[in-house]
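Enquirer: This is the structure I want to talk about, given as structure tokens.
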Amino acid sequence: PSGVAVSRMGDLFICDDENVRVMKVNTFSTVERTFGGYGEGAGTLAMPRQVAIGPNDEVFVSDKGRVAMYDNFGNYVGSIGAGILHDPTGIGIGGNKLGVCDSDTLYLFSLNGSLIAKFSTTDIFGTKINHFNDVSFRGDRVYILTDRRVVVAKSNF
């Protein structure tokens, strides 16, 4: 597994990168369903890395070239960042915004997929840092994990 997130109801969503799928585990520790899977077409995954849960229990999965979106039952809803993202890794939800780490760029999208902003490592730190690894939001703060440090900043975007 490469990532895990918890829904409002306490269900675990586990990003199973080796089997190219997401597993939903209910509060009784039973695998309720799996979705994604390797293949062609809508709803399949190529290289899932991380999973995040939206405010309405939507499931966001960072995948090769995009972030795939599913409802709480594993039904494919759409994608964010296709044509913009290359190899996204960490993702995080803050309010109605989705942060996506993609190498040396941190993208900020609305949950409906509109690009709000993008930041390079130079924009944030003033010097080049090799890689954004993960992002998390809490209150008015954003937590960014890089290849060298964890940065906490006021989230005013």
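Since every read-out is calculated from the coordinates, none of them should be taken as a lab result. Quick caveat, the model's predicted, so the values are computed rather than measured. A quick note on method: Cβ atoms are made from the backbone with ideal geometry, for glycine too, and the neighbour counts reach across all protein chains shown.
Enquirer: Tell me, what HN-Hα J-couplings in whole Hz come from the Karplus equation 6.51 cos²θ - 1.76 cosθ + 1.60 at θ = phi - 60° for each residue of region 56-65, using x for Gly and Pro?
Expert: For region 56-65, the Karplus-derived couplings read 10, 6, 5, 10, 10, 10, 6, 9, 4, x Hz, x marking Gly and Pro.
Enquirer: Would you mind ranking Leu85, Leu115 so that the residue whose beta carbon has the fewest other beta carbons within 10 Å leads the list?
Expert: Leu115, Leu85
Enquirer: OK, next. Among DSSP bridges having both ends in region 3-120, what percentage is antiparallel? Round to the nearest 5.
Expert: Percentage antiparallel, nearest 5: 100.
Enquirer: In the Gaussian network model of the chain, springs joining C-alpha atoms below 10 Å, which of Val20, Val51, Val100 carries the largest mean-square fluctuation?
Expert: Val20
Enquirer: Right, here's the next one. Take the Cβ-Cβ distance between Leu115 and Ser2 as r, set R0 to 35 Å, and report the resulting FRET efficiency rounded to the nearest 0.05.
Expert: Efficiency, from the Cβ-Cβ distance: 0.90.
Enquirer: Further question on the same structure: If you place +1 on the Cβ of every Lys and Arg, -1 on the Cβ of every Asp and Glu, and leave all else neutral, what size is the dipole of the chain about its Cα centre, to the nearest 20 Debye?
Expert: Computed about the Cα centre, the dipole is about 460 debye.
Enquirer: Using a ≥ b ≥ c from the Cα gyration tensor of the chain (square roots of the eigenvalues), is it rounded, prolate or oblate, where a/c under 1.5 gives rounded and otherwise the larger of a/b and b/c decides, a/b for prolate?
Expert: Since a/c reaches 1.5 and a/b is larger than b/c, the shape of the chain is classed as prolate.
Enquirer: Something else: Arranged by the count of other C-beta atoms within 10 angstrom, fewest first, what order do Lys154, Lys64 take?
Expert: Lowest count first: Lys154, Lys64.
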